[in-house]
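Visitor: One structure, as structure tokens, below. Some questions next.
The values are calculated or read from the model by the stated rules, or taken from the named source; none is laboratory data. Keep in mind that what you see is a predicted model, and the values were worked out from it rather than measured. Don't worry about glycine lacking a Cβ; one is built from the backbone with ideal geometry, like all the others, and counts go over all protein chains shown. The area values use the complete protein model at the heavy-atom level, side chains included, leaving out ligands, DNA and RNA. Shrake-Rupley method; radii C 1.70, N 1.55, O 1.52, S 1.80 Å.
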Amino acid sequence: MNTADTKRLSETVSAAGSMVLFLIFTVCCLVIITVAATAYKRISENYDNTFNSAAAVRYVTNKLRSCDSTEITENGDILLESSDSKTLIYQRDGILYERLFSLGSEAVPEGGEAVFSAKDFEGEDCGGGLAKISATGAEGEKFTAYCRISNGGAAVEKSN
């Protein structure tokens with residue numbers, strides 16, 4: 001009888017030990033998954049915030065380089081003209097919009113397609129055929145690019 005009770009006790013302890021080990025393994029897995037998920041979320045948010053502002057600046061400078069003529073208004077809206085159309089790039093409420101117009105129509109900053117989320121986007125004509133494009137990221141970092149505009153600048157005199 002002693003061996004049957006010992007065998008039963010041994011099986012009970014073995015089953016309880018297995019359950020405790022499984023429980024510890026499960027808790028460790030949940031902790032690792034939670035830590036990894038929060039790290040991924042933080043990295044993803046930082047990447048998205050940085051990407052939107054930096055990509056908005058690069059996008060607009062590429063548009064400036066590809067157009068035939070550029071006009072930057074006092075409020076920072078950018079009107080680009082090419083041989084067959086006009087494009088207006090403007091920012092409202094932290095969103096950068098782009099709208100395409102035919103050459104004969106008036107360009108108004110409404111009803112455009114949202115292109116990027118860019119806080120404090122600014123376009124500025126620096127004179128001398130140079131434009132300054134800047135945007136602020138979500139964490140306060142500033143992204144700035146200078147670009148030559150095709151119709152700006154004074155004529156250059158040749159000296160003898």
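Visitor: Can you find, among Ser44, Ile72, Leu100, the residue farthest towards the positive end of the dipole of segment 40-111? Put +1 on the C-beta of Lys and Arg, -1 on that of Asp and Glu.
Guide: Looking along the dipole axis, the top candidate is Ser44.
Visitor: From largest to smallest, what semi-axes in whole angstrom does segment 1-145 give when each is the square root of 5 times an eigenvalue of its alpha carbon gyration tensor?
Guide: The three semi-axes for segment 1-145 are 65, 15, 10 Å.
Visitor: Next question. In sequence order, what are the phi-derived ³J(HN,Hα) couplings for segment 8-22 according to the Karplus relation 6.51 cos²θ - 1.76 cosθ + 1.60 with θ = phi - 60°, rounded to whole Hz, with x for glycine and proline?
Guide: After applying 6.51 cos²θ - 1.76 cosθ + 1.60, I find 5, 5, 5, 5, 5, 5, 5, 5, 5, x, 5, 5, 5, 4, 5 Hz.
Visitor: Please compute the net charge surrounding Glu113, taking Lys and Arg as +1 and Asp and Glu as -1 over other residues with Cβ under 13 Å from its Cβ.
Guide: Details: positive: Arg92, Arg99; negative: Glu98, Glu110.
Charge balance near Glu113 sits at 0.
Visitor: Can you give the direction-averaged projected area of the convex hull of the alpha-carbon atoms in segment 96-154, in nm²?
Guide: If I average the Cα hull's projected area over directions, I get 5.2 nm².
Visitor: Let me ask something else. Taking all protein chains together and a probe of 1.4 Å, list Cys29, Cys147 from the most accessible to the least accessible. Each step should come with its number before you reach the end.
Guide: Details: Cys29 50, Cys147 5 Å².
Of Cys29, Cys147, the descending order of accessible area is Cys29, Cys147.
Visitor: Moving to a separate point now. Roughly how many percent of the accessible protein surface of the chain is carbon and sulfur, given a 1.4 Å probe and a whole-percent answer? Write out the running numbers ahead of the final one.
Guide: Numbers: 6140 of 10930 Å².
Roughly 56 percent of what the probe reaches on the chain is carbon or sulfur.
Visitor: Same structure again: In segment 1-103, which GluC sites (Glu not before Pro) are in a loop and have at most 12 other Cβ atoms within 10 Å, using DSSP for the loop call? Each step should come with its number before you reach the end.
Guide: Values: sites: Glu11, Glu45, Glu71, Glu74, Glu81, Glu98; in loops: Glu74.
Qualifying residues, ordered by number: Glu74.
Visitor: Express the accessible area of the chain per residue in Å², computed with a 1.4 Å probe while the remaining protein chains stay in the model. Don't skip to the answer; put the middle values down first.
Guide: Values: 10930 Å² over 160 residues.
Per-residue value: 68 Å².
Visitor: Also, quick follow-up: Taking the square root of 5 times each eigenvalue of the Cα gyration tensor, what semi-axes in Å does the equivalent ellipsoid of segment 61-160 have, largest first?
Guide: Values for segment 61-160, descending: 24, 19, 9 Å.
Visitor: Now for a separate question. So which lysines can Lys119 reach, going by Cα to Cα under 30 Å and dropping same-chain residues fewer than 8 places off?
Guide: Lys41, Lys63, Lys86, Lys132, Lys142
Visitor: Compute the signed sum of charges (Lys and Arg +1, Asp and Glu -1) over the other residues within less than 14 Å, Cβ to Cβ, of Val13.
Guide: Working: positive: Lys7, Arg8; negative: Asp5, Glu11.
Taking every Cβ under 14 Å from that of Val13, the sum is 0.
Visitor: Which value, in debye to the nearest 20, describes the size of the charge dipole of the chain about its Cα centre when Lys and Arg Cβ atoms bear +1, Asp and Glu Cβ atoms bear -1, and nothing else is charged?
Guide: Using only the charged Cβ atoms, the result is roughly 860 debye.
Visitor: Please state, to two decimals, what the Cα-based radius of gyration of segment 1-66 comes to when divided by 2.2 N^0.38 Å (N = residues).
Guide: Values: Rg = 28.2 Å, N = 66, 2.2 N^0.38 = 10.8 Å.
That ratio works out to 2.61.
Visitor: What is the local net charge at Tyr59, summed over the other residues whose Cβ is closer than 13 Å to its Cβ (Lys, Arg +1; Asp, Glu -1)?
Guide: Numbers: positive: Arg58, Lys63, Arg65; negative: Glu98, Glu113.
With Lys, Arg at +1 and Asp, Glu at -1, the neighbours total +1.
Visitor: When the solvent-accessible surface of protein heavy atoms is calculated with a 1.4 angstrom probe, in what order do Ser69, Ser83, Ser53 fall, highest first? Kindly include the intermediate steps, with their values, before the conclusion.
Guide: Details: Ser69 35, Ser83 95, Ser53 5 Å².
Heavy-atom accessible area, descending, gives Ser83, Ser69, Ser53.
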